[in-house]
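J.: Just passing along the structure, written as structure tokens.
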Amino acid sequence: MRIAVVCPNYTQGRSYQENVWAEQLAKMGHAVRVFFAGPADTAPQRIDESSGSYETQQAATKFLPRATFKSRTIAGLIAAFQPELIVLYGDKYFCQPICASAALSRVPVVSTYSENLGMHEFDWRKRGITLRQRAWAIGFKIARGSPIRTACRRSAVVVGNTPQASGIILPLFPRAERAEIDRKMIDLPLGFSPDHFGFRPELRTQVRDELGLRPEEILVCVSSHFAAAKEPYLKLIIDALRRAMNDEPRLRAVIVGFDDVKHAEVSRRIEQHIASTEKSQGSRFIRQPFADRTRLCELYNASDLAVFGRASISCQEALGTGLVAVFANDGSLNHLVKRPDQGVFFNPNDVDDLAKKLGDGAKIVKQHEGSHREAFRGELTTAAAWLSYDRIINTVLDRVATSSAGTSRA
């Protein structure tokens, strides 16, 4: 099948779902081309992966602050590719010309939505929210509502990547139309690349030796882009780790994401925050630079716990390597945990509760000492296998085939 993957922004080698979809679809034998925004139209560029090859192509696009404006050429470039399926990600402004194109009107479309309450408030009528939250909600409804409605109406399948997505998307439609859109919707979370993440015991031993860890030590991994918006979460986690370490002497932490170029100032402040902690904790924190997928898999395998302040793709990747996860209990990640010993949840922005839940996670790990720990990791990896993108993609493709068959019969 010829499949067009459409997203405003694209960077090769990242873990965003458009990247992994392109890689996995190519591995399955499909002809894939990724279309994304750029300063000018370009010729298709071939990307060779070990598992398969696909193409990328830029479409000339006008940009506005914090948003991607419409491209006049995107629909024509996709039509020239002659796709049999189009998958839309991200900003639906960029996708509007595709949805309106007569030349593409018979091509099935899949559109994806990752909206969740960890981003901002979406219901402007909700009682008790701040004026800023109400402004965000109104802005979403006015600015994003129209292109989202256009994309959903055009789509054969609408994928909600969080349990909250349908409750955010459906109210954008008139009541009489919601049942029709709801029939198109399927709840499928973000996932992880099975080619890049998984539990590998030999890797665990190798990397723990590299990091200077003793066998009995319990390593907590904190991985993030050190962007300014994530700084409060990182400091919260570091403070909670310090408190948890007071109660659990075997606990250590690896902080992954230091960046001396793009996020140098935030990296400096995080380093200072760790240094102030180490006055009482010694050298129980390990610093690591921003990691690509290969290195992140290595560090996850070396670790026992992973902690996240908010939803990110790394959450699924951590589960895919068999880690015990410590997640914020904000409703955006609870559905990922399928067994009680796979994850624990802390009250958002509550450093004391996070410290306690880190301790609870450490207790789970300590129940599986020595050779039992490897078997336990294998069990957790199996429990997270449903998040592997090969399975997620096949579910969507099956749903598209069912939808197309129903349309043909109609």
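J.: Name, by its number, the condition in (1) surrounded by 18 or more Cβ atoms within 10 Å (Cβ to Cβ); (2) free of Cβ contacts under 8 Å to residues at least 60 places away in the same chain; (3) assigned to a loop (DSSP other than H, G, I, E, B) that does not hold for residue 253.
T.: Against the list (1) surrounded by 18 or more Cβ atoms within 10 Å (Cβ to Cβ); (2) free of Cβ contacts under 8 Å to residues at least 60 places away in the same chain; (3) assigned to a loop (DSSP other than H, G, I, E, B), residue 253 comes up short only on (3).
J.: So residue 286 fits all but one of (1) in a strand (DSSP E or B); (2) within 26 Å of residue 379 (Cα to Cα); (3) among the β-branched types (Val, Ile, Thr); what number is the exception?
T.: Condition (2) is where residue 286 drops out.
J.: Which one of 270, 237 is assigned by TED's automatic domain parsing to the domain that holds residue 321, closer than 14 Å to residue 305 by Cβ, part of a helix (DSSP H, G or I) and of a type in the set (Val, Ile, Thr)?
T.: The match here is 237.
J.: Now, a different point. Say we look at the stretch 83-103 and pick out the residues that are out of contact with any strand residue (DSSP E or B) (no Cβ under 8 Å at 6 or more places or on another chain) and aliphatic (A, V, I, L, M); which of these is modelled with the lowest pLDDT?
T.: Result: 100.
J.: Do the conditions hold for residue 170, that is, is it modelled with pLDDT of 90 or more and within 28 Å of residue 336 (Cα to Cα)?
T.: So residue 170 passes the test.
J.: Of these, 227, 264, which one is without any contact (Cβ under 8 Å) to a residue 24 or more places away in the chain and exposed (fewer than 15 other Cβ atoms within 10 Å of the Cβ)?
T.: When all the criteria are applied, what remains is 264.
J.: Any residue in the stretch 352-381 that's at pLDDT below 95: show its pairings with residues that are assigned to a helix (DSSP H, G or I) at Cβ separation under 6 Å, as long as the two are six or more apart or on different chains.
T.: Close Cβ pairs satisfying both conditions: 368/376; 374/201.
J.: Continuing with the same structure: If you go through the stretch 204-220 one residue at a time, do you hit one that is farther than 30 Å from residue 52 by Cα, part of a strand (DSSP E or B) and within 22 Å of the chain's Cα centre (by Cα)?
T.: yes
J.: May I pose another question? Can you tell me which residue is farthest from residue 19 (Cα to Cα) among those in the stretch 280-320 that are basic (Lys, Arg) and over 15 Å from the mean Cα position of the chain (by Cα)?
T.: By that ranking, first place goes to 284.
J.: Look through 331, 361, 343 and report the one residue that is within 22 Å of residue 164 (Cβ to Cβ) and touching a strand residue (DSSP E or B) at 6+ places or on another chain (Cβ under 7 Å).
T.: 343
J.: Closer than 20 Å to residue 114 by Cα, of a type in the set (A, V, I, L, M), touching a Lys or Arg at 6+ places or on another chain (Cβ under 8 Å) and surrounded by 18 or more Cβ atoms within 10 Å (Cβ to Cβ): is that true of residue 328 in this structure?
T.: yes
J.: What's the number of the only condition in (1) among the aliphatic types (A, V, I, L, M); (2) surrounded by fewer than 21 Cβ atoms within 10 Å (Cβ to Cβ); (3) touching a residue at least 24 places away in the same chain (Cβ under 8 Å) that residue 157 fails to meet?
T.: Single failed check for residue 157: (2).
J.: What residue, of 244, 253, 240, is in contact with a Phe, Trp or Tyr (Cβ under 6 Å, 6 or more places away or on another chain) and under 25 Å from residue 373 (Cβ atoms)?
T.: 253
J.: For the stretch 1-31: of the residues being over 21 Å from the mean Cα position of the chain (by Cα) and assigned to a strand (DSSP E or B), which is surrounded by the fewest Cβ atoms within 10 Å (Cβ to Cβ)?
T.: That would be 2.
J.: Let me ask something else. Quick check on residue 244: is it outside the structural domain of residue 114 (by TED's automatic domain parsing), surrounded by 16 or more Cβ atoms within 10 Å (Cβ to Cβ), in contact (Cβ under 8 Å) with a residue 40 or more places away in the chain and more than 26 Å from the chain's Cα centre (by Cα)?
T.: yes
J.: List the residue pairs whose Cβ atoms are under 6 Å apart, where the first residue sits in the stretch 87-107 and is assigned by TED's automatic domain parsing to the domain that holds residue 149, the second is surrounded by fewer than 18 Cβ atoms within 10 Å (Cβ to Cβ) and at pLDDT 95 or above, and the two are 6 or more positions apart or on different chains.
T.: Listed pairs, sorted by first residue: 103/79; 104/79.
J.: Given the criteria touching a Pro at 6+ places or on another chain (Cβ under 8 Å) and touching a residue at least 12 places away in the same chain (Cβ under 8 Å), does residue 258 qualify?
T.: yes
J.: So, one more: Being within 14 Å of residue 240 (Cα to Cα) and free of Cβ contacts under 8 Å to residues at least 24 places away in the same chain is the filter here; which residues of the stretch 306-345 pass it?
T.: 327, 345
J.: Follow-up. Please enumerate the residues belonging to the stretch 104-135 that are at pLDDT 80 or above and under 24 Å from residue 155 (Cβ atoms).
T.: Passing the criteria: 104, 105, 106, 107, 108, 109, 110, 111, 112, 113, 114.
The values are calculated or read from the model by the stated rules, or taken from the named source; none is laboratory data. Every value quoted in this text rests on a predicted model; they were computed, and no experiment measured them. All Cβ positions, glycine included, derive from the backbone under ideal geometry; neighbour counts span all protein chains shown.
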